[in-house]
Amino acid sequence: MLAPGVFTDVVADGAERTLIGTGRTAGALTGSADSGSTDDPQRPGLSTVVHKPGRELDEPKELLLGFLDYYRSVIIRKIDGLTDAELRTSRLPSGWTPLELLKHLAYMERRWLRWGFRGEQLPDPRGDEDQAGRWYAGSGDTAASLIAELHAVGEQTRAIASAAELADTSTPGGRFSDNDPRSLPTLAWILTYVLQEYARHAGHLDVARELIDGTTGE
């Protein structure tokens with residue numbers, strides 16, 4: 001299976017991976033990434049998609065990584081075509097913006113895999129938050145830069161997972177310490193947790209996008 005960030009028209013392990021466009025989306029997204037349709041002249045910003053893993057796949061690690069690839073693409077499709085003003089404007093009482101959510105996901109995945117599982121020392125593991133712990137996106141954060149970061153983080157996750165077993169536990173020294181009274185999470189636990197974060201926030205973006213311009217669907 002190709003790593004995220006290799007964006008060509010290929011099928012590997014039941015999952016087709018291709019680059020997400022950045023043009024303005026016309027109309028509602030009524031199709032599903034299950035449908036197999038990747039080219040639609042009525043949807044100029046969404047000429048290619050990442051599909052869910054094939055139903056015949058039974059390898060747990062590849063299923064987790066495949067669904068992570070899929071949900072990253074869902075997140076990107078959900079913001080495809082939004083203007084910078086729309087990306088930086090909240091439509092919900094809680095106040096978060098689509099751009100802040102995008103930045104949060106990139107940092108969240110890095111926190112769990114590199115800072116958490118690998119125990120790496122990162123310069124700013126919570127760079128998606130302000131001093132109050134609220135999501136934050138600065139003037140230098142753009143959709144293009146954060147999408148590129150999301151792809152890069154996905155490549156890092158696949159590399160880390162490929163070099164380890166699902167039963168392997170996290171290395172102390174980064175996010176976790178030897179003094180933590182809780183058990184160190186396994187790679188399987190972390191990948192599952194990160195996957196549910198993506199799925200949950202994709203639902204949040206469903207609501208935000210519909211409020212912005214009426215777009216619905218996967």
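The values are calculated or read from the model by the stated rules, or taken from the named source; none is laboratory data. This is a predicted model, so every value here is computed, not measured. Heads up, the Cβs are rebuilt from the backbone with ideal geometry, glycines too, and the neighbour counts pull from every protein chain shown.
So Met1 clears everything in (1) of a type outside the set (Asp, Glu); (2) out of contact with any strand residue (DSSP E or B) (no Cβ under 6 Å at 6 or more places or on another chain); (3) at pLDDT below 50 except one condition, right? Which one? Failed condition: (2). Look at (1) surrounded by fewer than 18 Cβ atoms within 10 Å (Cβ to Cβ); (2) within 28 Å of Thr83 (Cα to Cα); (3) touching a residue at least 60 places away in the same chain (Cβ under 8 Å); (4) among the hydrophobic types (A, V, I, L, M, F, W, C) and you find that Leu150 fails only one, number (1).
Residues in the range 181-218 that are surrounded by 18 or more Cβ atoms within 10 Å (Cβ to Cβ) and not hydrophobic (A, V, I, L, M, F, W, C): Pro185, Tyr198, His201, Arg209, Thr215, Glu218.
Residues that are touching a strand residue (DSSP E or B) at 6+ places or on another chain (Cβ under 9 Å) and in a loop (DSSP other than H, G, I, E, B): does the range 135-147 have at least one?
If we filter the range 135-147 for residues that are touching a strand residue (DSSP E or B) at 6+ places or on another chain (Cβ under 9 Å), which is where we start, we get 135-136.
Now drop any that are not in a loop (DSSP other than H, G, I, E, B), which leaves 136.
Yes, the range 135-147 contains a residue that is touching a strand residue (DSSP E or B) at 6+ places or on another chain (Cβ under 9 Å) and in a loop (DSSP other than H, G, I, E, B).
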